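**Student:** First the structure, which I've put down as structure tokens, then a few questions once you've had a look.
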Amino acid sequence: MASLYRMAGCGARRLHSLRAPSRSSAAAAAAAASAATGPSTTIPIRAFSRTAARKANEIPPIQGTTLVPVDSDFSHPTDPYGVNRPGTGPETTQKSRDESIEDRKIRHYTVNFGPQHPAAHGVLRLILELEGEEIVRADPHVGLLHRGTEKLIEYKTYLQALPYFDRLDYVSMMTNEQCFSLAVEKLLNVEIPERAKFIRTLFGEITRILNHLMSVLSHAMDVGALTPFLWGFEEREKLMEFYERVSGARLHAAYVRPGGVHQDIPIGLLDDIYQWATQFGDRIDETEEMLTDNRIWIQRLKGVGVVTAAEAINLSFTGPMLRGSGVPWDIRKSQPYDAYDQVEFDVPVGVNGDCYDRYLCRMEEFRQSLRIIHQCLNKMPAGPVRVEDYKVSPPPRTAMKENMEALIHHFLLYTKGYAVPPGETYSAIEAPKGEMGVYLVSDGSERPYRCSIRAPGFAHLAGFDQVARGHMLADAVAVIGTMDLVFGKQKPRPKKASLASLKD
């Protein structure tokens with residue numbers, strides 16, 4: 001009793017007071033109970049409590065969660081336990097819960113893929129209808145990164161609208177600027193200097209490599225290969241430094257402008273680009289050695305997402321999505337712009353039209369871009385990098401300090417802008433992801449009346465339903481990765497505009 005006092009303090013006194021007052025009376029009471037009820041049983045004494053032991057009540061079956069199988073079209077529930085089958089009674093056909101686990105499985109799912117999924121490449125949301133793990137239907141939802149760019153452009157001057165294009169496809173920035181600048185130059189009817197053309201072509205191919213590094217290697221990481229992704233980011237860092245040295249910004253450069261480029265290439269940059277280009281071929285070989293003949297990589301990509309040439313044309317696919325199906329269409333060859341008519345390169349095409357062929361096309365485009373970069377470095381002419389029309393491009397700073405007219409031109413250009421003759425045009429380039437187009441309408445003022453942007457990934461994502469049907473859920477990641485999607489460009493349904501609407 002002393003040890004109980006030490007352990008429980010005053011509570012033990014309560015226990016002591018509950019015991020029988022004397023040994024003799026307790027023995028007599030136990031003997032009387034034994035004579036009345038039979039053999040004696042030892043009842044444990046509950047220390048520190050006088051409350052009776054409690055037991056949790058079982059949940060009635062009606063309150064539990066019951067999975068009821070339904071038909072594939074969700075029309076009416078089936079009979080999982082066989083109760084209502086004709087000719088048999090419930091006592092012979094009803095199954096227990098353990099026996100009916102397979103019958104109670106729901107095989108037709110509707111699930112959300114993204115927008116928080118790591119393989120969604122941004123803010124993609126897919127509503128997938130699955131039959132088990134097989135994709136029955138895919139409904140892509142875009143617009144989660146929609147910022148009203150086309151409407152914002154209508155309230156800016158042509159020069160102020162340029163930085164918006166950097167933020168559309170934020171992996172291939174200078175090609176976006178190039179497309180818009182070509183459209184404005186068509187309306188202005190100006191011809192840029194030769195040096196500006198070669199600089200645009202040079203950085204257009206650097207941008208293509210920059211984009212394909214992100215596309216191919218993030219695709220590999222989605223499938224399960226992490227090492228090439230780390231190698232690719234080391235090379236992307238070098239290309240970002242070239243961006244920074246020529247424009248002052250690593251991402252949103254605003255370097256390619258209507259009338260040429262913003263400024264000339266710094267001293268020593270062409271030599272550094274040449275040194276990088278001579279070693280980048282080895283990096284391509286290392287990546288191909290890791291992926292191209294890899295058994296798991298081939299099993300995950302071969303025969304997945306097959307698109308025939310006719311289907312690719314009907315779905316408006318462009319870029320590697322079209323060339324992977326065997327269609328040799330490249331705007332740099334068919335409708336050359338800038339200096340692409342002065343360089344030599346080949347257009348890689350696929351055979352089977354699956355994810356593996358599209359991967360091989362992008363790997364070959366690495367090498368063709370290197371060919372173009374070497375030719376641009378060797379053929380780079382001397383001369384100005386902007387048109388010498390001070391109403392379109394700013395005068396040099398040395399002229400501003402010596403000439404009052406140059407200072408006035410500079411002030412008006414960056415405050416009021418320049419007027420573009422009335423007209424409409426469509427300018428298309430071969431962006432890394434496919435054909436990017438800008439439809440530009442001018443009413444003769446300093447601001448665009450309408451600017452509609454044709455993003456290559458929009459058509460690719462619209463065809464995802466047809467491409468992914470019949471594949472497994474795990475194959476959806478491989479198909480999304482091979483489409484090379486960036487959702488800064490995706491937008492809701494565009495509206496139409498033309499000069500005829502100006503009369504209303």
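The values are calculated or read from the model by the stated rules, or taken from the named source; none is laboratory data. All values derive from a computational prediction rather than experimental measurement. All Cβ positions, even for glycine, are placed from backbone atoms using ideal geometry, and neighbour counts span all protein chains on display.
**Student:** Considering 439, 426, 449, which residue is at pLDDT 95 or above, out of contact with any Leu (no Cβ under 9 Å at 6 or more places or on another chain) and hydroxyl-bearing (Ser, Thr, Tyr)?
**Tutor:** Of the residues listed, the single one that is at pLDDT 95 or above, out of contact with any Leu (no Cβ under 9 Å at 6 or more places or on another chain) and hydroxyl-bearing (Ser, Thr, Tyr) is 439.
**Student:** Moving on to the next point. Can you find, within the stretch 166-196, the residue that is modelled with the highest pLDDT among those that are over 17 Å from residue 339 (Cα atoms) and among the hydroxyl-bearing types (Ser, Thr, Tyr)?
**Tutor:** This residue is 172.
**Student:** Moving to a separate point now. Are any residues in the stretch 413-437 closer than 26 Å to residue 307 by Cβ and either in contact with an Asp or Glu (Cβ under 8 Å, 6 or more places away or on another chain) or buried (at least 21 other Cβ atoms within 10 Å of the Cβ) (or both), and if so, which ones?
**Tutor:** 428, 429, 430, 431, 432, 433, 434, 435, 436
**Student:** Additional query: Scan the stretch 231-252 for residues that are of a type in the set (A, V, I, L, M, F, W, C) and either modelled with pLDDT of 90 or more or more than 21 Å from residue 295 (Cα to Cα) (or both) and jot them down.
**Tutor:** Selection gives 233, 239, 240, 242, 246, 249, 251.
**Student:** Go through (1) among the acidic types (Asp, Glu); (2) at pLDDT below 90; (3) surrounded by fewer than 16 Cβ atoms within 10 Å (Cβ to Cβ) one by one and return the number of the condition residue 154 breaks.
**Tutor:** (2)
**Student:** Residues that are more than 30 Å from residue 171 (Cβ to Cβ): list the strands (runs of 3 or more DSSP E) wholly contained in the stretch 395-471 that include at least 3 such residues.
**Tutor:** Numbers: elements: 423-431, 434-442, 450-454.
The strands (runs of 3 or more DSSP E) meeting that bar number zero.
**Student:** Additional query: What residue, of 280, 229, 242, is closer than 30 Å to residue 475 by Cβ and surrounded by 14 or more Cβ atoms within 10 Å (Cβ to Cβ)?
**Tutor:** On the way: 280 fails: closer than 30 Å to residue 475 by Cβ; 242 fails: closer than 30 Å to residue 475 by Cβ.
Sole residue among the options that is closer than 30 Å to residue 475 by Cβ and surrounded by 14 or more Cβ atoms within 10 Å (Cβ to Cβ): 229.
**Student:** While we're looking at this one, here's another question. Return only the number of the condition from (1) surrounded by 15 or more Cβ atoms within 10 Å (Cβ to Cβ); (2) closer than 24 Å to residue 221 by Cα; (3) of a type outside the set (Gly, Ala, Ser); (4) out of contact with any helix residue (DSSP H, G or I) (no Cβ under 8 Å at 6 or more places or on another chain) that residue 160 does not satisfy.
**Tutor:** With respect to (1) surrounded by 15 or more Cβ atoms within 10 Å (Cβ to Cβ); (2) closer than 24 Å to residue 221 by Cα; (3) of a type outside the set (Gly, Ala, Ser); (4) out of contact with any helix residue (DSSP H, G or I) (no Cβ under 8 Å at 6 or more places or on another chain), residue 160 is out only on (2).
**Student:** Residue by residue through the stretch 448-474, note down the ones that are farther than 27 Å from residue 179 by Cα and buried (at least 22 other Cβ atoms within 10 Å of the Cβ).
**Tutor:** Hits for the stretch 448-474 are 467, 468.
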